[in-house]
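The values are calculated or read from the model by the stated rules, or taken from the named source; none is laboratory data. Owing to the predicted nature of the structure, the values given are computational and were not obtained by experimental measurement. Positions of Cβ are generated from backbone atoms using ideal geometry, with glycine treated the same way; all protein chains shown enter the neighbour counts. Remember, those area values only see protein heavy atoms, side chains included, never the ligands or the DNA or RNA. Shrake-Rupley method; radii C 1.70, N 1.55, O 1.52, S 1.80 Å.
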Amino acid sequence: MLNFTRLTLGDAAKIRDYFSHSAGMVCDNTVGGAFMWRDYFSTEYALYNQTLILKAVVRYNNGITAFTLPLGRDVKGGIAAIREYCEAQNIPLAFCAVTEEDLPALTALFKGAKCHKEDRWSDYIYNAEDLISLTGRKYNGQRNHINHFRKTFQNIAFEPISNQNMAEVKAFFRTWTPHRIHNRELYAEEKEKIFEVLEHYGAYGLLGGLLRADGRVVAFAAGEICGKVLHVHIEKADTQFRGAYQVIVNEFAKAYASEDVAFINRGEDDGDEGLRTSKRSYHPCRIIEKYIVLAQPSTVNLHEI
C-alpha cells in the first residue's frame, strides 16, 4: 500500500532526479512546478519501486483528490498501486495534469474513463531560437519595446542571480505589484512561494537572472532545464519601464537556452486573459493541453470552477 507524505522543500534533493524520467515538456514535472505549488494543491508524495507518485487536491475542480502519472522505473506498477490505494481509501481514481500524449494509453487502461480539459492550465511552449533571436515580422512588437527600453537607459545589464545581488532582487520583489490581479488567492500563493525561492535559492536549484537599468533592478526571472526544455517559473518586471518584460524574456532565453535546449516552457496563463494575450503574442510553437481523467465510474462531476 502506498504511504503518502506531505511534500516539503526538504524533499527537493530526494525526488529531484525523478523528474528526469518525464518524457514530456509540462511544467508540472519539474522541481519548480511541483514545489512552488505544493501548498496550494496540498501535494503529497510516495515512492514505489523507484517510482515517484504525487497526490494533489484539485481545488479548481470540486477539490477532488487526483494523482499525477508515475515517474520512474515502474510506471505500470505505480498506476496499479494508485488504483489499490484509491480502493482502500474508498475515493475515486483520478489523474491530473494528463497530456494529450498520455491520454490514449491511460484511457485504454480504464475503459469508460471521463476526461475533462483544463484550458487555463495549458503550457505555452516556444522554440528556443525564436525567443533568443525574435526575428521576423511576427516579433515586430517585441523588438519595438526592446529598442525603446535600450534607447531610454544608458546602462543596461543582465546578471545571473547570486548571493551578491540576491538582496536587491528581494528588495525589488517586495515593491513589485502586478498591473492587475486576476485571482487574489493564486496571486498571494505565488508571491509567498517566490519569496521562498529567493530565500532558499540553493534548495530549489533554479537558474535565475536579473535586469538592471542604470543600476536599478527592474526585472528578474528564474527557471530550470529538464531534458531539452528550459522551464520559466518566475518572470517579473516593473511595468513602469516600457520594454522591461520583453527584455527579460529575451535575455533569460539567451543566457540559459544552451545548445541542448530546443524549447522554452513559459507555463500556464491561469485563465487570465491579459496573460493569455501576452503569451500568445510570442507565438508558441505548441500549447500543451492537460486533462483530468476520472478513471473509474463515480458520482463526481468534473467541471471547472
Exactly one of N3, N49, N62 is without any contact (Cβ under 8 Å) to a residue 40 or more places away in the chain and either open to solvent by 70 Å² or more (accessible area, probe 1.4 Å) or among the polar types (S, T, N, Q) (or both), and that one is N49
Among A253, A221, the single one that is open to solvent by less than 40 Å² (accessible area, probe 1.4 Å), in a helix (DSSP H, G or I) and small (G, A, S) is A253
Counted residues in segment 124-177 being without any contact (Cβ under 8 Å) to a residue 60 or more places away in the chain and in a loop (DSSP other than H, G, I, E, B) come to 7
Scanning segment 191-218 residue by residue, the ones that are open to solvent by 20 Å² or more (accessible area, probe 1.4 Å), touching a residue at least 40 places away in the same chain (Cβ under 8 Å) and within 30 Å of F153 (Cα to Cα) total 5
Within segment 12-26, residues being open to solvent by less than 20 Å² (accessible area, probe 1.4 Å) and over 15 Å from P70 (Cα atoms) number 1
Condition met for I181 (among the hydrophobic types (A, V, I, L, M, F, W, C), in contact (Cβ under 8 Å) with a residue 12 or more places away in the chain and open to solvent by 40 Å² or more (accessible area, probe 1.4 Å)): no
Of (1) closer than 21 Å to T277 by Cβ; (2) at pLDDT 95 or above, R150 satisfies every one except (1)
